[in-house]
1. Anything in the stretch 31-44 that is in a loop (DSSP other than H, G, I, E, B) and surrounded by 10 or more Cβ atoms within 10 Å (Cβ to Cβ)? List them, or say none.
2. Out of Asp132, Asp95, report the one residue that is in contact (Cβ under 8 Å) with a residue 40 or more places away in the chain and of a type outside the set (A, V, I, L, M, F, W, C).
3. Return the pairs, sorted by first residue and then second, in which the second residue is part of a helix (DSSP H, G or I) and polar (S, T, N, Q), the first residue lies in the stretch 168-191 and is outside the structural domain of Leu242 (by TED's automatic domain parsing) and without any contact (Cβ under 8 Å) to a residue 40 or more places away in the chain, the beta carbons are less than 8 Å apart, and the residues are 6+ apart or on different chains.
4. Among (1) more than 30 Å from Asp132 (Cα to Cα); (2) touching a helix residue (DSSP H, G or I) at 6+ places or on another chain (Cβ under 6 Å); (3) not small (Gly, Ala, Ser), there is one condition His165 misses while meeting the rest; what is its number?
5. Among all residue pairs at least 6 apart or on different chains, which show Cβ distances below 8 Å where the first residue, located in the stretch 2-18, is touching a residue at least 24 places away in the same chain (Cβ under 8 Å) and more than 18 Å from Leu125 (Cβ to Cβ) and the second is part of a loop (DSSP other than H, G, I, E, B) and acidic (Asp, Glu)?
6. Just give me the residues in the stretch 123-173 being of a type in the set (Gly, Ala, Ser) and under 27 Å from Glu81 (Cβ atoms), in sequence order.
7. Select, from Ala151, Ala137, the only residue that is in contact with a Lys or Arg (Cβ under 8 Å, 6 or more places away or on another chain), hydrophobic (A, V, I, L, M, F, W, C) and surrounded by 17 or more Cβ atoms within 10 Å (Cβ to Cβ).
8. Quick check on the stretch 62-86: of everything there that is outside any strand (DSSP E or B) and of a type in the set (Lys, Arg), which residue is farthest from Met143 (Cα to Cα)?
Amino acid sequence: MPRAIWTGAITFGLVNVPVRLYSAISEHKLQFHFIHQKDDSPIGYQKICKREKKPVPDKEIVKAFEYRKGKYVFMEDEDFEAARVEGYKTIDITDFVPYEQIDPIFFAHTYYVGAQDGAEKVYTLLVRAMEDSELAAIAKFVMRDRQYLGALRVREGTITLEQLHFADEIRPVAEIKPKRERVEKGELEMAQQLIDSFSGEWKPEQYEDTYRDALCSVIEAKRKGKEVHVAAEPEEEQPTDLMAALRASVEASKPGHRRPSRASRRSNGAGSNGASDDDLKDLSKSELEKRAKKAEIEGRSKMSKEELIEALRSAA
């Protein structure tokens, strides 16, 4: 079971639900280290006083707020405790709103909210009531010396807390919003047709971190002492105009259609993927995707490993 990162209670009206907060996301990050290449020793970091140019012990380091250039207010733990607002250990619900009305730009981070020991019944009551209402709860909570806005919703029978940005944290788009240009009716219809050809159900499991897989393959190859070479990027064909690009995209998106690659057009019988069927089966999915990209195979990002192998065979 994951470790709780916050303990408190959900409150609304006179109802109090003791809960624990857990991170809902476990990112698959590769951890790299800085080391001294000569002896594989890790690189350490010191806190250096910029004026004295020498290390400073932790006991001499304090938090400070710069209220004017070069002028600071020193802060102690008691100062942060004095600023704690009401609800320091609570997720205080203030409103219930339709979840779909919340613009995704407000979403910052996701947490799971679990019940504390002995609070299962009141937790279940809140879950059932929220499911029946089909509404999300807007709340405020304080964590790590900062107040946050949040949206509580039910996911698979568990309360989920979406940390939200406050409205004044969202930057206006006025400075970057482009000028509206005139679009031809035919261009718009073709663009809509292209969107329709890519339309489907949301299936998150079909999207994979192919860069991480490729990086793992590079790491494994280097671990085995193999040389790693950067593949040349294929030259992109520039469309003559917007309609031509749209028309070509719509045609390429049709089921079963693949534009033959330049490599395959030049091929005189040898496989453009540079490997036999047996060699293809030994490659990882990320390596197959690299070859599919080089062969300009359309729709490669959505293909399974078997489909990539078949596509590369057909492109030979």
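1. Pass one, the stretch 31-44, residues in a loop (DSSP other than H, G, I, E, B): 31-34, 37-40, 43-44.
Within the stretch 31-44, none qualify.
2. That would be Asp95, the only listed residue that is in contact (Cβ under 8 Å) with a residue 40 or more places away in the chain and of a type outside the set (A, V, I, L, M, F, W, C).
3. The qualifying pairs do not exist here.
4. Going through the list (1) more than 30 Å from Asp132 (Cα to Cα); (2) touching a helix residue (DSSP H, G or I) at 6+ places or on another chain (Cβ under 6 Å); (3) not small (Gly, Ala, Ser), His165 breaks only (1).
5. none
6. Residues satisfying the conditions are Ala139, Gly150.
7. None of the others qualify; the one that does is Ala137.
8. Among residues in the stretch 62-86 that are outside any strand (DSSP E or B) and of a type in the set (Lys, Arg), the one farthest from Met143 (Cα to Cα) is Lys69.
The values are calculated or read from the model by the stated rules, or taken from the named source; none is laboratory data. All values reported here derive from a predicted model rather than from experimental measurement. With ideal geometry, Cβ positions are generated from the backbone for all residues, glycine too; neighbour counts draw on all protein chains shown.
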